[in-house]
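Q: One structure follows; several queries about it will come next.
The values are calculated or read from the model by the stated rules, or taken from the named source; none is laboratory data. Keep in mind the model is a prediction, meaning the values are calculated, not measured. As a convention, Cβ positions derive from the backbone with ideal geometry for all residues, glycine included, and neighbour counts pool all protein chains shown.
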Amino acid sequence: MRHLTFSIFLLLLLWGGAWAEVLPDPVQVDTDKKDGRHSLILRNRHPVPVTFRFEFTNLDNCRLEGSQLTFVVPARGFSRGPVVLRKDHRSPWKWNYKSFFHYGDWTRTSTEGTYALPFNRGKAYKLSQGFHGTLSHHGTEAYALDFNLPVGTPVTAARDGLVVNVEERYSEGRWDISLKEKANTVVLAHPDGTLSRYVHLQQNSVVVDPGDWVQSGQLLGRSGNTGYTTGPHLHFDVYSPGPDLKIRTLDFRLDVEGRPVLPVEGRIYQN
């Protein structure tokens, strides 16, 4: 008689603490069962790639075929995951795992194309902090931009994408590390496997919901002064999940008057 048990735990790993609204689990895990061989199939129902990682917590009388545990599931597609093999067919076997996911493609270590300025056309704002900024843009958050947007300024999508996270409940903002995870934020996932992040938004100003598909230039919410901040501004960055599913910002270029432009701290950019 064969015995098999397995368990699934899906954890969304994102910078920024607890999120008020998130999409449901994007990946369905199916098992193709053959005698002594169980193959996991990952199916992604969303229009953006998802990185999915397994952590096997128990392999009783069985082993994994190969060592790969992190997989990219393409947009509205599927990927073959781990294969569990039974060792001794005369004895019972069981296996358990935890699983973790992050929107985006962990193999994406650079960007392609440009990203629009995240504010309305006809408007111009100063870039107060650029890549490798002296104040806070370091390490995995080195490729980030701070635009001096006054409170209430419309914030727009830099690319077409899927809204995957929304946080808008916070009201406080000051230079206090205890507020780092209390910034109102919108996160978009893009078809190329990158994500863009719009941070420090005004409380209750977000006009999109998780699951919405937005177009470049579409209104997301309004700039504010929430979270770990020295004053009103919009923090904008582009990132992908790393192999550990932690965020790593990516070097990117802005679309300024139809040209790819390297952002330079201190300059004023007009949309």
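Q: With the structure loaded, tell me whether Arg248 is in a strand (DSSP E or B), farther than 17 Å from Ala158 by Cα and touching a residue at least 12 places away in the same chain (Cβ under 8 Å) or whether it fails that test. Give the derivation first.
A: Numbers: in a strand (DSSP E or B): yes; farther than 17 Å from Ala158 by Cα: yes; touching a residue at least 12 places away in the same chain (Cβ under 8 Å): yes.
Answer is yes for this residue.
Q: Now a separate question. Conditions: (1) touching a Lys or Arg at 6+ places or on another chain (Cβ under 7 Å); (2) among the polar types (S, T, N, Q); (3) over 19 Å from Phe131 (Cβ atoms). Ser240 meets all but one. Number of the miss?
A: For Ser240, the exception is condition (3).
Q: For segment 214-230, give me each residue that is on the phi < 0 side of the Ramachandran plot, out of contact with any Leu (no Cβ under 6 Å at 6 or more places or on another chain) and of a type outside the set (Val, Ile, Thr).
A: Gln215, Ser216, Gln218, Leu219, Leu220, Arg222, Asn225, listed by residue number.
Q: If a residue must be at pLDDT below 95 and either assigned to a loop (DSSP other than H, G, I, E, B) or under 20 Å from the mean Cα position of the chain (by Cα) (or both), how many such residues does segment 170-190 contain? I'd like the intermediate steps shown before the answer.
A: Step one: filter segment 170-190 for residues at pLDDT below 95, giving 170-183.
Add one more test, that the residue is either assigned to a loop (DSSP other than H, G, I, E, B) or under 20 Å from the mean Cα position of the chain (by Cα) (or both), and what stays is 170-172, 175-176, 180-183.
The total comes to 9.
Q: May I ask you to list the residues in segment 257-267 that are surrounded by fewer than 17 Cβ atoms within 10 Å (Cβ to Cβ) and either in contact (Cβ under 8 Å) with a residue 40 or more places away in the chain or on the phi < 0 side of the Ramachandran plot (or both)?
A: In the first step, residues of segment 257-267 are kept if they are surrounded by fewer than 17 Cβ atoms within 10 Å (Cβ to Cβ); the result is 257-262, 264-267.
Arg259, Pro260, Val261, Leu262, Val264, Glu265, Gly266, Arg267 - these are the residues of segment 257-267 that are surrounded by fewer than 17 Cβ atoms within 10 Å (Cβ to Cβ) and either in contact (Cβ under 8 Å) with a residue 40 or more places away in the chain or on the phi < 0 side of the Ramachandran plot (or both).
Q: If only one of Val208, Val264 is assigned by TED's automatic domain parsing to the domain that holds Arg169, of a type in the set (A, V, I, L, M) and within 23 Å of Leu135 (Cβ to Cβ), which one is it? Spell out the reasoning first.
A: On the way: Val208 fails: within 23 Å of Leu135 (Cβ to Cβ).
Matching residue, one of Val208, Val264: Val264.
Q: Only one of Val164, Val151, Val155 is assigned to a loop (DSSP other than H, G, I, E, B), of a type in the set (Val, Ile, Thr), touching a residue at least 24 places away in the same chain (Cβ under 8 Å) and touching a Gly at 6+ places or on another chain (Cβ under 9 Å). Can you tell me which? Can you show your working first?
A: Values: Val164 fails: assigned to a loop (DSSP other than H, G, I, E, B); Val155 fails: assigned to a loop (DSSP other than H, G, I, E, B).
Result of the check over Val164, Val151, Val155: Val151.
Q: Output the number of residues of segment 215-249 satisfying the condition of being at pLDDT 95 or above and surrounded by fewer than 17 Cβ atoms within 10 Å (Cβ to Cβ).
A: 4
Q: Restricting to segment 91-109, name every residue that is touching a Cys at 6+ places or on another chain (Cβ under 8 Å) and either assigned to a loop (DSSP other than H, G, I, E, B) or among the basic types (Lys, Arg) (or both).
A: First, pick out the residues of segment 91-109 that are touching a Cys at 6+ places or on another chain (Cβ under 8 Å): 93-95.
Matches in segment 91-109: Trp93, Lys94.
Q: Hey, among the residues in segment 155-196 that are more than 16 Å from His46 (Cβ to Cβ) and among the β-branched types (Val, Ile, Thr), which one's surrounded by the fewest Cβ atoms within 10 Å (Cβ to Cβ)?
A: This residue is Ile177.
Q: Now, a different point. Can you name every residue in segment 224-245 that is assigned to a loop (DSSP other than H, G, I, E, B) and of a type outside the set (Ser, Thr, Tyr)? Give the steps one after another, and end with the answer.
A: So the first thing to find is which residues in segment 224-245 are assigned to a loop (DSSP other than H, G, I, E, B), and the list is 224-226, 229-233, 242-245.
Answer for segment 224-245, where residues must be assigned to a loop (DSSP other than H, G, I, E, B) and of a type outside the set (Ser, Thr, Tyr): Gly224, Asn225, Gly231, Pro232, His233, Gly242, Pro243, Asp244, Leu245.
Q: Checking the conditions here, which among Phe101, Phe71, Phe78 is within 30 Å of Leu201 (Cβ to Cβ) and surrounded by 14 or more Cβ atoms within 10 Å (Cβ to Cβ)? Don't jump to the end; show me each part of the working.
A: Details: Phe71 fails: within 30 Å of Leu201 (Cβ to Cβ); Phe78 fails: within 30 Å of Leu201 (Cβ to Cβ).
Going through Phe101, Phe71, Phe78 in turn, the sole match is Phe101.
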